[in-house]
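Presented below is the structure to which this report refers.
The values are calculated or read from the model by the stated rules, or taken from the named source; none is laboratory data. Bear in mind that the values here come from a model prediction, so they are computed numbers and not experimental data. Cβ: placed from backbone, ideal geometry, glycine included. Neighbour counts: every protein chain shown. Remember, those area values only see protein heavy atoms, side chains included, never the ligands or the DNA or RNA. Shrake-Rupley method; radii C 1.70, N 1.55, O 1.52, S 1.80 Å.
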Amino acid sequence: MNVLVCGGAGFIGSHMVKALAAAGHQPITYDNLSTGHRDAVLAGEFVQGDLLHTADLAALFRKHPIDLVMHFAARSLVGESMHSPELYYANNVTGTHHLLEAMRTAGVQRIVFSSTAAIFGNPEYTPIDEAHPKAPINPYGRTKWMIEQMLADYAGAHGLDSVSLRYFNAAGCDPDGELGERHDPETHLIPNILRAALASQDPDKHPAPALKIFGDDYDTPDGTCLRDYIHVTDLCAAHLCAIEFLQANPGCHAFNLGNGQGFSVKEVLKTAEDVVGFTIPHTIEARRPGDPPVLVASADAAREQLGWKPERAGLEGIVRSVWDYLRSNTSS
């Protein structure tokens, strides 16, 4: 199958390109490289372009026969979305509208969309299942929820078939050591903890910002936020399952992806210290606006309907995969 991967030079997208090729598909990466890396695209053709440029999209769909689209291209920083919401409505919502219109013009009827647990806002209950009320508390989550509603409307009006996969906390690195998180700035907890670990041992060779824990006064067992961490290769496996699912199940669908277990920030820090073998210095800062205290998934629907289950669910293994990648890629 020819699969267009929008945002395929980013963290999750680049892992997906590799997984698609390994599964026998033909990936075509479309990325503006604003946050992605050209050298992270390890298979298939690469096309540089922007979802906001309709002419680029039209040329892409004219040139390439595409069977299915995977859409990872989005701004995804909660804090940034709070102070610059216009960037999120333009890039995420308008960009996706352009993509859907280009697909419609080209007759491409299937899309797998990267959604997020941020659509749920502050949980009314945990674990969070697909029926949980959608009440996002930051512009990032609101844009993702808007896109899910767009997909439902396009299904009803135009017969578009879609699966939205709602990630909880994507983490981990390619087990082969070829790919990892290379965000600038890095905002994800696990790589930031481990970068701080490297910096504490050799700050000249591994410069990194001091580790900050944002808030220790939440209504959780140790006062820090609880999150459900899922290895990036498990996310990719779910996308491969979604391809097969859409072939037999037209319409608009959504599934939560997580391990079903929450770990607090302090628990992640302790696990990282166990992995690296020493104490990692850190400070406690004020809460960040837009952060819910607890986000833990029920992925029962994905297990039952997609036939998916996470294979790398242990926190220690997730942390170790990042540690191994960072030690092998000192410039990351």
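Tabulated values for the structure
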read-out	value
Enumeration of residues in the stretch 300-320 that are touching a helix residue (DSSP H, G or I) at 6+ places or on another chain (Cβ under 9 Å) and farther than 17 Å from residue 267 by Cβ	302, 305, 306, 307, 308, 309, 310, 311, 312
Where a residue in the stretch 154-182 is under 17 Å from residue 299 (Cα atoms) and its partner, wherever it lies, is open to solvent by 20 Å² or more (accessible area, probe 1.4 Å), with Cβ under 6 Å and at least six apart	163/253; 164/254; 169/227; 170/12
Given (1) surrounded by fewer than 21 Cβ atoms within 10 Å (Cβ to Cβ); (2) in contact with a helix residue (DSSP H, G or I) (Cβ under 7 Å, 6 or more places away or on another chain); (3) at pLDDT below 95, number of the condition residue 260 does not satisfy	(2)
Residue match in the stretch 99-121 (condition: assigned to a helix (DSSP H, G or I) and without any contact (Cβ under 8 Å) to a residue 24 or more places away in the chain)	no
The stretch 34-53, subset part of a loop (DSSP other than H, G, I, E, B) and in contact (Cβ under 8 Å) with a residue 60 or more places away in the chain, residue most open to solvent (accessible area, probe 1.4 Å)	35
Exclusive hit being under 23 Å from residue 1 (Cα atoms) and buried (at least 23 other Cβ atoms within 10 Å of the Cβ), set 31, 56	31
Strands (runs of 3 or more DSSP E) enclosed by the stretch 176-257 - at least 1 residues per element that are under 18 Å from residue 15 (Cβ atoms) and open to solvent by less than 20 Å² (accessible area, probe 1.4 Å)	229-231, 252-257
Test: residue in the stretch 188-206 that is closer than 30 Å to residue 137 by Cα, touching an Asp or Glu at 6+ places or on another chain (Cβ under 7 Å), modelled with pLDDT of 95 or more and not hydrophobic (A, V, I, L, M, F, W, C)	no
Residue 20 within 18 Å of the chain's Cα centre (by Cα), closer than 19 Å to residue 178 by Cβ and part of a loop (DSSP other than H, G, I, E, B)	no
Candidates 293, 289, filtered to the one that is within 24 Å of residue 140 (Cβ to Cβ), over 18 Å from the mean Cα position of the chain (by Cα) and either surrounded by fewer than 14 Cβ atoms within 10 Å (Cβ to Cβ) or modelled with pLDDT of 95 or more (or both)	289
Test: residue in the stretch 222-241 that is among the aliphatic types (A, V, I, L, M), closer than 30 Å to residue 159 by Cα and out of contact with any helix residue (DSSP H, G or I) (no Cβ under 8 Å at 6 or more places or on another chain)	no
Members of the stretch 258-298 found to be assigned to a loop (DSSP other than H, G, I, E, B) and either basic (Lys, Arg) or without any contact (Cβ under 8 Å) to a residue 24 or more places away in the chain (or both), listed by number	277, 279, 287, 288
Residues satisfying the stated conditions in the stretch 160-175, i.e. buried (at least 17 other Cβ atoms within 10 Å of the Cβ) and within 30 Å of residue 325 (Cβ to Cβ)	163, 164, 165, 166, 167, 168, 169, 170, 171, 172, 173, 174
Qualifying residues in the stretch 115-139 (those that are touching an Asp or Glu at 6+ places or on another chain (Cβ under 8 Å) and open to solvent by less than 40 Å² (accessible area, probe 1.4 Å)) - the one farthest from residue 229 (Cα to Cα)	132
Residue 327 vs. criteria of a type in the set (D, E, K, R) and in contact (Cβ under 8 Å) with a residue 40 or more places away in the chain	yes
Residue satisfying condition, being more than 22 Å from the chain's Cα centre (by Cα), closer than 17 Å to residue 71 by Cα and open to solvent by 10 Å² or more (accessible area, probe 1.4 Å), within set 152, 90, 157, 106	106
